[in-house]
Amino acid sequence: MYVAARGGEEAIQRSEALYHALKGPITPQLIQGIMESLPYLVDRVMGEASLYAPELAALAIAQSGGDLYEAVLLLRAYRSTQPRLGYAHPLTTERLFTVRRISASFKDIPGGQILGPSLDYSHRILNLNLLGDQQPAVSEEAPLPERPASPHYPLVADWQRQQGMLAPTPTHEASAPQDIPDVTRDNVLFPAPRAHRLQALARADTGGVLALGYASMRGYGLIHPTVNELRLAYAEVRMTHPLTGEDFSVGRVRVSQAEVVSNGGQHAPLLTLGYAATLGWNEVKLIAAATLDMEMSQPNPHPAHTEEFVMYHTEAIESSGFCIHFKLPHYVTFASSLDNLRKVISTFYSADSQPATAPAPQETAP
Amino acid sequence: MFEPLYTPQEAQDRRAFLALLWAASQPGCWQSLPSTAPSFIALGQALLDLETSFYAADEALARQLARTGARALPPERADYLFFPVLRDEHLEALSQAQRGTLLYPDSAATIFIGLSDPHDEGVELRLTLQGPGVNGLLQIALRGIPFGLWTLRAQARYPLGWDIYFVEPERGQVLGLPRSTQVRLSEAHSQEE
Amino acid sequence: MSRLAALAKPQTGYSYAFMDAFAKRELRRRMLKAVAIPGYQVPYASRELPIARGWGTGGLQATLSLVGPETVLKVIDQGADDSVNAANLRRFITRMSGCQTTTDALQATIIQSRHRIPEEILREGQILVLQVPDPEPLRAVQSDSSACHHMHADADYGQMWLVLYEQLVRYKRYIQGASYPSLVNGRYLISPSPIPRWDTPKLHRAAHLTILSAGREKRIYAVPPYTDVRPLEFSDIPFQVEDQRTWADERTGARYKFMNELPQADGTARYELSDTGYAEKLIAKQRGQAVTIGRTYYDDEGNFYHDGYLKPPVIPEQGG
């Protein structure tokens, strides 16, 4: 029963038990398997949760039965319980251990086009052989090169800046870490500080960012993006030890970043740059997000590409949570509206005629 | 499932916060602070951490408050100002405290002012309070505060202004005077005269 | 490669009341500001909780910042203590704090509610936490939240009066249902959360403290005790609460309390009290059990306890 007299708690427990009964058991092997075999799924969940913890992300995916909004919520709720113990040092692109770095702007770039791990040019054919007992083909093992590739690559944008095609990088004094705006802790106001915008995009819902970004690319936007640079990398997270004062490495995280440029943007005839970065590797989200970053900086963006519209409506947990909250009972508010409806009917509609002159009531607030 | 632990620190922080919450909700009514720490320390620990800033007019107190991780800032930038005692020479610092803006009235400073021993000499001021949290009118008497405080307080027009909490460390009590309270100085006399 | 579990210290569980000390302190700081500036929406860093966003996480964060072992908690949704959503929130709060629970509004020290204020008059020292889906009363006239923020800064509520005027012209009455926009302490317009109009007057010069918290929209605001709360109304066309004067609770015969209307297969309707805690006590009393029933905001003739606050309705003329 929906509003169960005294049965509320029991109903909840049975409902949850049934949910778990309809999927397989969660074992350490399953969690390990998700972490090792589904890194892109794990990355997406970690990125949207803004919490880098592959094992916990795998657990969240397993525990939610693969419902990604639930998995992201699990991680974010866990994140709420963790105190902020310190601040990592800033990272620069040149210091990243880059494994994939491509540019659509030029045929070749300083340091070379590094294809790295990608399915871009694969044939999307289901390998049905893997369904049976047959062994996978051995050739999937990548051969080792003769000498290791360089881990560090310069920025394409730096070359463009040298050429005067792009505005110079804005210079500002280094902020104390506490002074850097933090979208998870601050009140979000518009126009938002750039830090808020980029943080919101970094943790935004992949599908939501894609939908709005795609709308821009298809023609609702003002500009045609060119992928100036797309990078997948490992970043070393460095901190200063609070007691010894020494720098040390906390570990490595997977990160990705994208830069798109357009000559139709606010800096025209110079190129305009859009940027996005996130924890984990998530290329489609970043290209769409970098495009949105550029759109949001335009003087008069399309209504769907204003900062407020983009940042509020691509928030994975808020949007999904509010959407499903409509499953909750609303009969008190509905009764309040019905009361008005009945009064309006009795005022405008006599018993036997239907003058139908009263337009449908519209309330001023939900 | 685990049992959540209500630690002594947790209890102290919560009690100090509840004292402030009721002090703000019932202006002019004394509320009890936790007895497990000196009043100003308990208040500091309940409110301050590395995401906040403070100014303390007293060196020793400033050192103790800094342990919360909060940044010590000059009075014109600090979120929380602590005056273990308020004398005329402190009014210059106090006058610089943020009063908020119409867009962000919540950016105004919160100010803690220690009251010396109630039997101390000094001017006793009788205040008549009115406004949110006060059922009708409320008369209170406060001793040992420079008159200049009231002049400074009156310079901001609601919704701007300071949220002031008077602290009696001896008794472990706090009394709130949020900016929403209208104060009328009904009678003033000095014991010295 | 080391596994995370091997590196991390053993899982000893969560902080008291789930949220870590930083989150609680932040919310407490904002709550103090909210009380000091009645009706002003204080932005806060709303944390994700183990309950879906939009399901009461704002109210929950407020309650978790307030709750302690000695707290006596009541949680209601649509007035009901036993709805699955209320039961779920109550279960979470008690699990995380070890507090006591009650269905009796008089016994509770904290009442977390979605869409209702209990029928019995709350007293000094009680805290009512209302869950808020949308804190912005100006949303319908201005969807841009920064513009709304400026309107509040300037106390620029002209467009809201225009909306009411248009309603009068078109429908001969105000047609706002729940969350009726109200002016707090003569300065800030609030959405009193989607409580029915029946409950809005209960906020006016109330003895208890009301905290309104929107988790998704990250805003917290308050109505301190003994604070003026006035629904927007023109002086000649008064604000009106829902008209349920012909409805009586089928189990107790109670009238002039907010009712749920239950449609029946034969085209009629049955009625029951929305406030289940109050209904429970009325039934117990009728069975001769010892129970304390408090004075209610509306008496059994429908009179509101602040004399003169609700004005008699102006009946619009028939016609269209």
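Readers should treat all values here as calculations from the given coordinates under stated rules, not as data from a laboratory. These figures come from a predicted structure and were not determined experimentally. Here the Cβ is made from the backbone with ideal geometry for all residues, glycine too, and neighbour counts use every protein chain on show.
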Cα shape, chain C, gyration tensor, a/c 1.5 rule: oblate
Where nothing but the Cβ of Lys and Arg (+1) and of Asp and Glu (-1) is charged, how large is the charge dipole of the protein assembly as shown around its Cα centre, in debye to the nearest 20? 660 debye
Dipole of chain C (Lys/Arg Cβ +1, Asp/Glu Cβ -1, origin at the Cα centre): which of C:Ile293, C:Leu189, C:Phe22 lies farthest to the positive side? C:Phe22
Distances longer than 14 Å among the Cα atoms of the range B:18-85: what percent of all pairs is that? 58 percent
Peptide C:76-88: average number of partner chain Cβ atoms within 10 Å per residue? 6
Centre separation in Å (Cα based) which lies between the range A:12-55 and the range B:27-52: 42 Å
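If you rank C:Asp307, A:Asp293 by fewest surrounding Cβ atoms within 10 Å, what's the result?
If I rank by nearby Cβ atoms, fewest first, I get C:Asp307, A:Asp293.
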Rounded to the nearest 500 deg cm²/dmol, what is the calculated helix-only ellipticity per residue at 222 nm for the protein assembly as shown, with -39500 (n - 2.57) per DSSP H run of length n ≥ 4? -9000 deg cm²/dmol
What GluC sites (Glu not before Pro) in the range C:233-320 are in a loop by DSSP, with at most 12 other Cβ atoms within 10 Å of the Cβ? C:Glu301, C:Glu317
Taking θ as phi - 60°, what are the ³J(HN,Hα) couplings along the range C:264-276 by the Karplus curve (6.51, -1.76, 1.60), each to the nearest whole Hz, with x for Gly and Pro? 10, 4, 7, x, 8, 9, 10, 10, 9, 4, 6, 7, 6
Charge dipole of the protein assembly as shown built from unit charges on the beta carbon (Lys, Arg +1; Asp, Glu -1), centred at mean Cα; most positive-end Cα among A:Thr244, A:His196, C:Thr109 is C:Thr109
At 10 °C and 1.306 mPa s, grab the translational diffusion coefficient of chain B from Stokes-Einstein with a Kirkwood Rh over Cα pairs, rounded to a whole number in µm² per second. 93 µm²/s
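Return the FRET efficiency for the residue pair A:Ala304, A:Leu270: r is the Cβ-Cβ distance, R0 is 25 Å, and the value is rounded to the nearest 0.05. Walk me through the numbers before you get to the answer.
Details: r = 26 Å, r/R0 = 1.03.
Taking R0 as 25 Å, the efficiency between A:Ala304 and A:Leu270 is 0.45.
Loop-only trypsin sites (Lys or Arg not before Pro) in the range B:116-175, please: DSSP not H, G, I, E or B, and at most 15 other Cβ atoms within 10 Å.
B:Arg157, B:Arg171
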Note: the range A:42-83, point scatterers on Cα, Debye, no solvent; log10 I/I(0) at q = 0.19, 0.21, 0.34 Å⁻¹ equals -0.40, -0.50, -1.26
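Can you give the longest stretch of chain A with no exposed loop site, where a site means trypsin sites (Lys or Arg not before Pro) in a DSSP loop (not H, G, I, E or B) with at most 11 other C-beta atoms within 10 Å?
Details: sites that count: A:Arg6, A:Lys107, A:Arg124, A:Lys327.
It works out to A:125-326.
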Taking the C-alpha atoms of the range A:2-140, convex hull volume expressed per residue in Å³: 228 Å³
Could you bin all the Cα-Cα distances of the range A:14-80 into 5 Å bins starting at 0 and give me the percent of pairs in each, rounded to whole numbers? 4, 20, 30, 24, 15, 7, 1
Of C:Lys218/C:Lys285; A:Lys327/C:Lys202; A:Lys343/C:Lys281, pairs whose Cα-Cα distance is over 31 Å: C:Lys218/C:Lys285; A:Lys343/C:Lys281
May I ask for the longest run of chain A untouched by chymotrypsin sites (Phe, Trp or Tyr not before Pro) that are loop-located per DSSP and have at most 15 neighbouring C-beta atoms (other than their own) within 10 Å? A:122-325
Could you tell me which of A:Ser37, A:Leu73, A:Tyr19 has its Cα farthest along the dipole of the range A:14-80 towards the positive end, charges placed at Cβ (Lys, Arg +1; Asp, Glu -1), taken about the Cα centre? A:Tyr19
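Quick one, can you get me the convex hull of the C-alpha atoms of the protein assembly as shown expressed as volume per residue in Å³?
On the way: hull volume 193.6 nm³, N = 879.
With only Cα atoms used, the protein assembly as shown gives 220 Å³ per residue.
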HN-Hα J couplings of the range A:234-250 from phi, Karplus 6.51/-1.76/1.60, θ = phi - 60°, integer Hz, Gly and Pro as x? 10, 10, 8, 8, 10, 9, 9, 5, x, 9, 7, x, 8, 6, 8, 9, 7
Along each of its three principal axes, how wide is the spread of alpha-carbon positions in the range C:27-111, in whole angstrom units, largest first? 33, 28, 24
Can you give the direction-averaged projected area of the convex hull of the alpha-carbon atoms in the range A:166-281, in nm²? 9.3 nm²
For chain A, which span is the longest to avoid every loop-located (per DSSP) member of GluC sites (Glu not before Pro) having at most 10 other Cβ atoms inside 10 Å? A:1-140
Separation between Cα centres of the range B:123-193 and the range A:308-326, rounded to whole Å: 45 Å
Expressed as a fraction of 2.2 N^0.38 Å, the rule-of-thumb size for a compact globular protein of N residues, what is the C-alpha radius of gyration of the range A:53-211? 1.41
Would you mind calculating the gained length between A:Ser122 and A:Ala21 on full extension (0.36 nm times residue separation, minus the Cα-Cα distance), in nm to one decimal? 32.6 nm
If you filter the range B:1-64 for trypsin sites (Lys or Arg not before Pro), then keep DSSP loop positions with at most 13 other Cβ within 10 Å, what is left? none
Please list, in chain and number order, the residues 5+ apart from C:Cys99 or on another chain whose amide H is under 5 Å from its amide H, with Hs placed from the backbone. none
In Å, what Kirkwood hydrodynamic radius results for the range C:19-169 from the alpha-carbon pair distances? 17.0 Å
In whole Å, what three semi-axes, largest first, describe the equivalent ellipsoid of chain A built from its Cα gyration tensor (square root of 5 times each eigenvalue)? 43, 31, 23
